[in-house]
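A short worksheet on the structure shown next.
Any read-out appearing in this document is the output of simple, stated calculations on the displayed coordinates, not a laboratory observation. Quantities reported herein were computed from a predicted structural model and do not represent experimental measurements. Positions of Cβ are generated from backbone atoms using ideal geometry, with glycine treated the same way; all protein chains shown enter the neighbour counts.
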Amino acid sequence: MYRGGTGQWAWWLHRFSGVGVLLFLLIHILDTGLVLFGPEVYDRVVKIYVHPVFRVGEVGLAGAVLYHALNGIRITLLDFYPELSPRQRQIFYGVVSVFILVFIPVAAKMLAPLF
């Protein structure tokens, strides 16, 4: 019986990060489209983006984009080099390691203005 594992975690995280990036893109298209209603409407809506909650959201977006990109490279490697399939767990751990090494300093830098 299949009980999941690293492959399932990689799959779920890839899907969630992809949906998160897609939702950001849709919101970004909508708020940019507000310029059609005049600069006053656009400026009023964009002013809410200076709130600290949005800064935390930007950090989440950066994390989603970074993980999605790194895992996409992992998937591409496994597609082009099927002989790597037995080592997919180690490659996933490599993706997680690179993610942590890159994301933590970037997140700290992005959140620094809040403190």
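Brief remarks follow.
- Selection within segment 36-78: residues that are acidic (Asp, Glu) and surrounded by 10 or more Cβ atoms within 10 Å (Cβ to Cβ). The member of this set that is farthest from Pro113 (Cα to Cα) is Asp43.
- Of Glu58, Glu83, Glu40, all but one fail to be charged (D, E, K, R), within 14 Å of the chain's Cα centre (by Cα) and assigned to a helix (DSSP H, G or I); the exception is Glu58.
- Sole residue being touching an Asp or Glu at 6+ places or on another chain (Cβ under 8 Å), free of Cβ contacts under 8 Å to residues at least 40 places away in the same chain, in a helix (DSSP H, G or I) and of a type outside the set (Asp, Glu), chosen from Val46, Val98: Val46
- Annotation: Gln8 fulfils all but one of (1) of a type outside the set (A, V, I, L, M, F, W, C); (2) in contact with a helix residue (DSSP H, G or I) (Cβ under 9 Å, 6 or more places away or on another chain); (3) surrounded by 11 or more Cβ atoms within 10 Å (Cβ to Cβ); the unmet one is (2).
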